[in-house]
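The structure appears below as structure tokens.
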């Protein structure tokens, strides 16, 4: 009897050990490819960057050299168009969802529409923009690309604004109303500025997401090989340029694709991490001071 | 007393001066205007979306008329030159690549969520958790680039001989490997959906009250038994929600898949063979499609993709929502 229990106990202990081993293996299995991607992009990408890459336009096929100036500027241009359209509308829609008509049919349908937009695959967004702007204008154009990106930015900004405004306690609104201030002023001049940091973070996260999107630009902004500022003409963008270069047979273009990927990852992760740092600033400060304490106590 | 004061302030225009927002309009009217502006905007967004969906259906109308819905999804004959289109191979490619990715990613994601929450000290878990979440922020084009130049050679030179050596008798691993193909695409997808499932799982595990875990430990449970009894079984439906959400993400993923799947329109039982998904065929052919029928067929593929992701996403959301409601009580 005694022996049996000991064996059973050993078996349970073994299962426990084995399970924890599996968890560690899973963690390694996830972290390895991520580290590989980051390492590969940084080593290959940083190695293929030079000044030409940022200042020059592409050379004709087969010639070595040239850069992606047009694509980097094109991405900024397209994202700016997208943000200019989507950010004001998105914030307004978020305010509407959080502050007005909470149980009405209109706000429920809007909420549903935003959910729907969040889940739409980005390639379908591209088709939307194609039907909306490329078909009537009969040519690929930058405006269609910007609109496609705005459809991606809109739901993220709306949800972020709504969630953040819901966190503002009601007594702040009531205090404003009790002073005889009209409701719209309470919302736009007290509630919204008070949660500006959070809304700003949501906007920046949405923009960083849009900056990395390729699929909706493939057949809207399309891409070109020269500098263009015209809104009714095709426009190059970093992701599409990387795609075109990556599947090309020329070694120098492949090198530039890696350079482009490196620049893109720096832009996207840079915006993403900075805005996260802004929203979690206090938490971050606490975190580092705790870490410092821990390290100090370990030394001592 | 109070009422009279507020009514007075509403009725009487405020004195002119520093208050430049007054504009001589009564406050009540200002609020009304504001509400109606926002309502119009909300209505405009809804109308816009509805119009887009209707236009999408209209655009694909020609293909439906030509082939018929059922015929379109039951044939795999895709020939833009002859203007003959059937979408079965893309339906197959999307389903198989996403399911395979899910089969790889789901257990791993649950495991890493447990690892981060239960095994690591809180501060280290936070750093690694942020690191995992960062994968979701990496643009999919970068995954695709890495897939072509690193993962595809790895699959061709290392993984394929390994699989053929151990499981080569299965029909799944027949034929030569070119590096690019269904298996490579599934692996990339698996890496991409891990952060989605992991972050949902971590949220779900956090809702479990500490005393529940302590109770299990106090009864003499090992850590494994505690995790099984106190964490995994009550959060099962929440985990499923995360998994289904990851599935929805895998279905719609375009660029990374388009770059490594090989873009063949034939259905092959081998995972090593090249294939196509609904998203990848749209990405590859839409810009070059010159016949109206080709565009219509691609739009029809897009509609299928749209409807399927819609259903999956709402299923996931309702699962997570039910879980949250159950645990809020």
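In the set B:102, B:114, which member is modelled with pLDDT of 90 or more and within 8 Å of chain A (Cβ to nearest Cβ)? Explain how you work it out, then say what you get.
Working: B:102 fails: within 8 Å of chain A (Cβ to nearest Cβ).
None of the other options fit; the residue is B:114.
Looking only at the stretch B:168-227, count how many residues are within 11 Å of chain A (Cβ to nearest Cβ) and on the phi > 0 side of the Ramachandran plot.
The total comes to 1.
Are any residues in the stretch B:230-252 at pLDDT 90 or above and assigned to a loop (DSSP other than H, G, I, E, B), and if so, which ones?
none
If a residue counts only when it is under 22 Å from the mean Cα position of the chain (by Cα) and in contact (Cβ under 8 Å) with a residue 12 or more places away in the chain, which helices (runs of 4 or more DSSP H) contained entirely in the stretch B:114-229 have at least 1 such residues? Lay out the reasoning, then the answer.
Numbers: elements: B:122-137, B:140-146, B:160-167, B:182-206, B:210-218, B:223-226.
Those helices (runs of 4 or more DSSP H) span B:122-137, B:140-146, B:182-206.
Taking residue A:116, is it within 20 Å of the chain's Cα centre (by Cα) and either within 30 Å of residue A:173 (Cβ to Cβ) or more than 7 Å from chain B (Cβ to nearest Cβ) (or both)? Write out each step before concluding.
Working: within 20 Å of the chain's Cα centre (by Cα): yes; either within 30 Å of residue A:173 (Cβ to Cβ) or more than 7 Å from chain B (Cβ to nearest Cβ) (or both): yes.
Against the criterion (within 20 Å of the chain's Cα centre (by Cα) and either within 30 Å of residue A:173 (Cβ to Cβ) or more than 7 Å from chain B (Cβ to nearest Cβ) (or both)), residue A:116 qualifies.
Going by the conditions given, is residue A:212 within 14 Å of chain B (Cβ to nearest Cβ) and at positive phi?
When the stated conditions are applied, residue A:212 does not pass them.
Restrict the check to the stretch B:118-132 and report whether at least one residue is crowded, with 21+ Cβ neighbours inside 10 Å and within 10 Å of another protein chain (Cβ to nearest Cβ).
yes
Does at least one position in the stretch A:189-198 carry a residue that is at the interface with chain B (Cβ under 10 Å from one of its Cβ atoms) and in contact (Cβ under 8 Å) with a residue 12 or more places away in the chain? Before the answer, list the steps.
Residues of the stretch A:189-198 that are at the interface with chain B (Cβ under 10 Å from one of its Cβ atoms), as a first pass: A:189.
Of the ones still in play, those that are also in contact (Cβ under 8 Å) with a residue 12 or more places away in the chain are none.
So far as the stretch A:189-198 goes, no, none of its residues is at the interface with chain B (Cβ under 10 Å from one of its Cβ atoms) and in contact (Cβ under 8 Å) with a residue 12 or more places away in the chain.
Being touching a residue at least 40 places away in the same chain (Cβ under 8 Å), part of a helix (DSSP H, G or I) and farther than 22 Å from residue A:275 by Cβ is true for just one of A:77, A:96, A:130. Which residue is that?
On the way: A:77 fails: farther than 22 Å from residue A:275 by Cβ; A:96 fails: touching a residue at least 40 places away in the same chain (Cβ under 8 Å).
Within the list A:77, A:96, A:130, the selection yields A:130.
Does residue B:46 satisfy the criteria of being surrounded by 14 or more Cβ atoms within 10 Å (Cβ to Cβ), at the interface with chain A (Cβ under 7 Å from one of its Cβ atoms) and either on the phi < 0 side of the Ramachandran plot or touching a residue at least 12 places away in the same chain (Cβ under 8 Å) (or both)? Spell out the reasoning first.
Working: surrounded by 14 or more Cβ atoms within 10 Å (Cβ to Cβ): yes; at the interface with chain A (Cβ under 7 Å from one of its Cβ atoms): yes; either on the phi < 0 side of the Ramachandran plot or touching a residue at least 12 places away in the same chain (Cβ under 8 Å) (or both): yes.
So residue B:46 fits the description; yes.
Of the numbered conditions (1) away from chain B (no Cβ under 12 Å); (2) buried (at least 22 other Cβ atoms within 10 Å of the Cβ); (3) within 26 Å of residue A:44 (Cβ to Cβ), residue A:260 satisfies every one except a single condition; which is it?
(1)
How many residues are away from chain A (no Cβ under 14 Å) and over 30 Å from residue B:94 (Cβ atoms) when one looks only at the stretch B:231-256?
2
Restricting to the stretch B:258-280, name every residue that is over 12 Å from residue B:178 (Cα atoms) and either assigned to a helix (DSSP H, G or I) or not assigned by TED's automatic domain parsing to the domain that holds residue B:98 (or both).
Of everything in the stretch B:258-280, those that are over 12 Å from residue B:178 (Cα atoms) and either assigned to a helix (DSSP H, G or I) or not assigned by TED's automatic domain parsing to the domain that holds residue B:98 (or both) turn out to be B:258, B:259, B:278, B:279, B:280.
Tell me, please, whether a residue that is more than 9 Å from chain A (Cβ to nearest Cβ) and in a loop (DSSP other than H, G, I, E, B) can be found in the stretch B:318-326.
Filtering the stretch B:318-326 down to residues more than 9 Å from chain A (Cβ to nearest Cβ) leaves B:318-326.
If we keep only those that are in a loop (DSSP other than H, G, I, E, B) too, we end up with none.
Checking the stretch B:318-326: not a single residue is more than 9 Å from chain A (Cβ to nearest Cβ) and in a loop (DSSP other than H, G, I, E, B).
Among the residues of the stretch A:149-188, write down those that are farther than 28 Å from residue B:25 by Cβ and not in a helix (DSSP H, G or I).
If the condition is that a residue be farther than 28 Å from residue B:25 by Cβ and not in a helix (DSSP H, G or I), then A:169 is the only one that fits.
Just to check your reading of the model, which residue among A:96, A:77 is more than 14 Å from chain B (Cβ to nearest Cβ) and at pLDDT 85 or above? Steps first, please.
Working: A:96 fails: more than 14 Å from chain B (Cβ to nearest Cβ).
Within the list A:96, A:77, the selection yields A:77.
Kindly indicate whether residue A:219 is touching a residue at least 60 places away in the same chain (Cβ under 8 Å) and either within 10 Å of chain B (Cβ to nearest Cβ) or touching a strand residue (DSSP E or B) at 6+ places or on another chain (Cβ under 9 Å) (or both). I'd like the intermediate steps shown before the answer.
Details: touching a residue at least 60 places away in the same chain (Cβ under 8 Å): yes; either within 10 Å of chain B (Cβ to nearest Cβ) or touching a strand residue (DSSP E or B) at 6+ places or on another chain (Cβ under 9 Å) (or both): yes.
The answer is yes for residue A:219.
In the stretch A:171-179, is there at least one residue being touching a helix residue (DSSP H, G or I) at 6+ places or on another chain (Cβ under 7 Å), away from every other protein chain (no Cβ under 14 Å), in contact (Cβ under 8 Å) with a residue 40 or more places away in the chain and surrounded by fewer than 16 Cβ atoms within 10 Å (Cβ to Cβ)?
If we filter the stretch A:171-179 for residues that are touching a helix residue (DSSP H, G or I) at 6+ places or on another chain (Cβ under 7 Å), which is where we start, we get A:172-173, A:176-177.
Okay, now just the ones that are also away from every other protein chain (no Cβ under 14 Å), so A:172.
If we keep only those that are in contact (Cβ under 8 Å) with a residue 40 or more places away in the chain as well, we get none.
Within the stretch A:171-179, not a single residue is touching a helix residue (DSSP H, G or I) at 6+ places or on another chain (Cβ under 7 Å), away from every other protein chain (no Cβ under 14 Å), in contact (Cβ under 8 Å) with a residue 40 or more places away in the chain and surrounded by fewer than 16 Cβ atoms within 10 Å (Cβ to Cβ).
Looking at residue A:123, is it touching a helix residue (DSSP H, G or I) at 6+ places or on another chain (Cβ under 6 Å), within 7 Å of chain B (Cβ to nearest Cβ) and closer than 22 Å to residue A:230 by Cβ? Working first, answer last.
Numbers: touching a helix residue (DSSP H, G or I) at 6+ places or on another chain (Cβ under 6 Å): yes; within 7 Å of chain B (Cβ to nearest Cβ): yes; closer than 22 Å to residue A:230 by Cβ: no.
For residue A:123, the condition - touching a helix residue (DSSP H, G or I) at 6+ places or on another chain (Cβ under 6 Å), within 7 Å of chain B (Cβ to nearest Cβ) and closer than 22 Å to residue A:230 by Cβ - is not met.
Kindly indicate which of B:73, B:45 is within 30 Å of residue A:113 (Cα to Cα), under 29 Å from the mean Cα position of the chain (by Cα) and at pLDDT 90 or above.
The conditions single out B:45.
Name every residue in the stretch B:70-113 that is over 23 Å from residue B:261 (Cβ atoms), surrounded by fewer than 22 Cβ atoms within 10 Å (Cβ to Cβ) and in contact (Cβ under 8 Å) with a residue 12 or more places away in the chain, in order of residue number. Before the answer, list the steps.
To start, the set of residues in the stretch B:70-113 that are over 23 Å from residue B:261 (Cβ atoms) comprises B:70-71, B:82-83, B:107, B:110-113.
With the extra rule that they be surrounded by fewer than 22 Cβ atoms within 10 Å (Cβ to Cβ), the set shrinks to B:70-71, B:82-83, B:107, B:111.
Residues satisfying the conditions are B:71, B:83.
Answer yes if at least one residue in the stretch A:45-62 is within 30 Å of residue B:247 (Cα to Cα) and either assigned to a helix (DSSP H, G or I) or without any contact (Cβ under 8 Å) to a residue 60 or more places away in the chain (or both), and no otherwise. Reasoning before the result, please.
Here is the first cut: in the stretch A:45-62, the ones within 30 Å of residue B:247 (Cα to Cα) are none.
No, the stretch A:45-62 contains no residue that is within 30 Å of residue B:247 (Cα to Cα) and either assigned to a helix (DSSP H, G or I) or without any contact (Cβ under 8 Å) to a residue 60 or more places away in the chain (or both).
State whether the residues of the stretch B:60-67 include one that is assigned to a helix (DSSP H, G or I) and at the interface with another protein chain (Cβ under 10 Å from one of its Cβ atoms). Walk me through it before giving the result.
First, the residues of the stretch B:60-67 that are assigned to a helix (DSSP H, G or I): B:61-67.
With the extra rule that they be at the interface with another protein chain (Cβ under 10 Å from one of its Cβ atoms), the set shrinks to none.
Looking for residues that are assigned to a helix (DSSP H, G or I) and at the interface with another protein chain (Cβ under 10 Å from one of its Cβ atoms), one finds none in the stretch B:60-67, hence no.
Limited to the stretch B:281-305, what total is found for residues that are in a helix (DSSP H, G or I) and touching a residue at least 40 places away in the same chain (Cβ under 8 Å)?
Narrowing the stretch B:281-305 to residues in a helix (DSSP H, G or I): B:281-285, B:292-305.
Next, only the ones that are touching a residue at least 40 places away in the same chain (Cβ under 8 Å) stay: B:281, B:285, B:292-297, B:299-305.
The qualifying residues number 15.
The values are calculated or read from the model by the stated rules, or taken from the named source; none is laboratory data. Worth saying up front: this structure is predicted, and the values here are computed from it rather than measured. Cβ coordinates were reconstructed from backbone atoms using ideal geometry, including for glycine residues, and neighbour counts include every protein chain displayed.
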